[in-house]
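The values are calculated or read from the model by the stated rules, or taken from the named source; none is laboratory data. All values reported here derive from a predicted model rather than from experimental measurement. Because the Cβ atoms are built from the backbone with ideal geometry, glycine has one as well, and the counts that use them run over all protein chains shown. Side chains are part of the model used for accessible areas, which takes the heavy atoms of the whole protein and leaves out ligands, DNA and RNA. Shrake-Rupley method; radii C 1.70, N 1.55, O 1.52, S 1.80 Å.
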Amino acid sequence: MIIINPATEKPIADIPEDDQASVEKKFQKLQAAQPAFGHMTLPERVGILQRFSELLDTHKTHLADVLSSEVGKPVQQSLNEIGGARARIGWLAGHATTYLSEETMSVTPGMEEKISYEPLGVVCNISAWNYPYLVGVNVFVPALLAGNTVMYKPSEYATLTGLEITRLLKEAGIPDDAFQIAIGGPAVGASLLELPFNGYFFTGSYKTGKQIYEKAAAKMVVCQCELGGKDPLYVAEDVVDAAAVAVGTADGAFYNNGQSCCAVERIYVHKDKYEEYVNAFVAEVQSWKIGSPTEEGVYIGPLSRPGQAAFLEMQVKDAIDKGARLLTGGKRMDRTGYYFEPTVLTGVNHDMEVMKEESFGPIIGIMKVNTEAEAVALMKDTPYGLTAAVYSADKHRAERILEQINAGTGYWNCCDRVSAAVPWSGRGHSGFGATLSHAGLRAFTKPKAYHLRG
Ligand code: NAD
């Protein structure tokens, strides 16, 4: 498999891919290693994952360079990602004892009732490229903490990072056979579905997630899917400083080139604040430095995948053909690398793809609304349900709106953020199941109830 740097379009590595026979061998190793790994004490496993986090810190400069070279994000954003991953490991390792230890639920004369949290066994993690450290850590860290052995399939666009993660986990003390990496693209992912894993944990697109869920269902094993989104944001008329809100929310839409599952993907602004908001938003977008990921101060680098520019151009064309106004951007840039201009469209509506289908790129539609009710109806008009955000001076009003929206996460006066303390979960086409928080630690376990008389 040839790895291409999206900023230079040059090959940077050539790595042998797995096939059905090699993943099968790796699976057998994982299966053989699981009982001993599961019997390691929880404090031992916690210690290993904490050491892994320290190694991420020690090697962060190199790791950030590797990540930027294969996905194209500015090096500072790669460093931020590694820092974010460490914060998540800190929370998960720090709370493992609380949520994974045996719990005595009731003791009455002659009867004790308790729960033990057993590992699922050998689990499969098929992962995405946009934040390989974050989406990886969400799965393999709690899986390992709970005593599972793990087959980790990084995205074909983040393979070098997957190899670094594997190396550092082993260096931290994960036994060789307890963590295996499967290298390759969709075909290798599909070959993992032919094996009898005890659980499938997928991060990626709705289209692939649906296929994986259908395959896993027949096996009667646990399956979780963290999928895409079309996350809405509403700016109400009572915001105090619409220009400041525009600056913050532009970052929520364009950070990592908009290639975030929880990026703001569509914006509704009350008519009273619309002009002020849009003017400040466009000024902010036009102020960003676009360039090579290694250049100081760059905010927008190249897209990670070569095909995405054509998809974004299709969304822009569809919107303009249906009456939208292009305020800035709108096309790929005339330079080497997969660069696309940060793009702002207004005069948009829900007949347009850009307001309906995940863009996963530096492009946003901003729509003027007359009432809160209109905003809520539009926010709800989607099969996705990852996050939703409301900017308003009134917390109760924001909570009242967020309650009505079928999404796993609600934000008031913030957006595009994840915390390890609360569940990360989608609804509808954004998936099901949860990572992070107590729910995300226990997702990798089978609770066993004990009724002990005597
Ligand atoms: P993708 O679905 O194209 O690929 C994801 C993974 O699945 C890759 O490792 C790929 O090789 C593998 N794969 C592809 N086809 C397969 C098949 N038929 N069988 C088994 N495996 C297969 O997604 P992507 O482009 O890597 O990621 C982008 C998507 O992920 C976006 O939709 C984004 O919103 C979503 N995402 C969601 C979250 C979340 O937490 N909800 C986080 C990050 C990304």
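Estimated at the nearest 10 Å², the accessible area of H59 is 60 Å² with a 1.4 Å probe.
Restricting the calculation to alpha carbons of the chain gives Rg and Dmax of 22.7, 78 angstrom. Pairs spanning more than 28 Å between alpha-carbon atoms, out of K289/K317; K230/K331; K60/K219; K331/K395: K60/K219; K331/K395.
Take F340, F360 and sort them by solvent-accessible surface of the protein heavy atoms, 1.4 Å probe, largest at the top. All intermediate terms of the calculation are to be shown ahead of the outcome.
Details: F340 0, F360 30 Å².
Solvent-accessible surface, decreasing: F360, F340.
Among complete DSSP H helices in the chain, those whose alpha-carbon atoms stretch at least 15 Å along the helix's long axis and whose mean Kyte-Doolittle hydropathy reaches -0.5 are 42-58, 60-71, 75-100, 132-145, 159-172, 242-254, 308-321. Each part reduced to its alpha carbon centroid, the stretch 18-58 and the stretch 159-210 end up 12 Å apart. Nonpolar atom fraction for the stretch 54-145, defined as the carbon and sulfur part of the 1.4 Å probe accessible area, stands at 54 percent.
Taking label positions 7 Å along the Cα-Cβ direction at both D176 and K215, the computed distance is 2.8 nm, reported to one decimal. Judged by the mean number of other Cβ atoms found within 10 Å, the most tightly packed of the peptides 157-167, 248-258, 329-339 leads the ranking 248-258, 157-167, 329-339. For T41, the solvent-accessible surface with a 1.4 Å probe is about 70 Å², rounded to the nearest 10.
Which order do D272, D18 take by accessible area at a 1.4 Å probe, largest first?
Accessible-area ranking of D272, D18, largest first: D272, D18.
Think of it as helices only: each DSSP H run of n ≥ 4 in the chain is worth -39500 (n - 2.57), and spread over all residues that comes to -13500 deg cm²/dmol at 222 nm.
Approximating the spin labels as points 7 Å out from Cα along Cα→Cβ, the R400-to-V107 distance works out to 4.9 nm. Taking all protein chains into account, the per residue accessible area for the chain stands at 40 Å² (1.4 Å probe).
Here the accessible area is traced with a 1.4 Å probe on the protein chains. For the stretch 287-346, carbon and sulfur cover 50 percent of it.
Tell me whether the stretch 289-334 comes out rounded, prolate or oblate; compute the Cα gyration tensor, take square roots of the eigenvalues as a ≥ b ≥ c, and use a/c under 1.5 as the rounded threshold.
It comes out oblate by the Cα gyration axes.
Counting every C-alpha pair in the stretch 77-197, the share spaced more than 22 angstrom apart comes to 41%. Please work out the C-alpha center-to-center distance from the stretch 88-103 to the stretch 274-326 and express it in whole Å. If you average the Cα positions of each part, the centres end up 40 Å apart. Computed from the C-alpha gyration tensor, the three semi-axes of the ellipsoid equivalent to the stretch 389-451 are 29, 12, 12 Å, from longest to shortest. Annotation: amide H-H contacts under 5 Å for I3 (H modelled 1.01 Å from N, sequence separation of 5 or more, or interchain): I12, A13, D14, I15. Once the stretch 2-81 is represented by equal point scatterers at the alpha-carbon sites, with solvent omitted, what log10 I(q)/I(0) does the Debye formula produce at q = 0.22, 0.23 Å⁻¹? Taken in order of the listed q values, log10 I(q)/I(0) reads -0.97, -0.98.
Taking the Cα atoms of the stretch 231-419, the ratio Rg/Rh between the radius of gyration and the Kirkwood radius comes to 0.95. Computed with a 1.4 Å probe on the full set of protein chains, the accessible area for R400 sits at about 120 Å². The order of K446, K317, K114 by accessible area, most exposed first and with a 1.4 Å probe, is K317, K446, K114.
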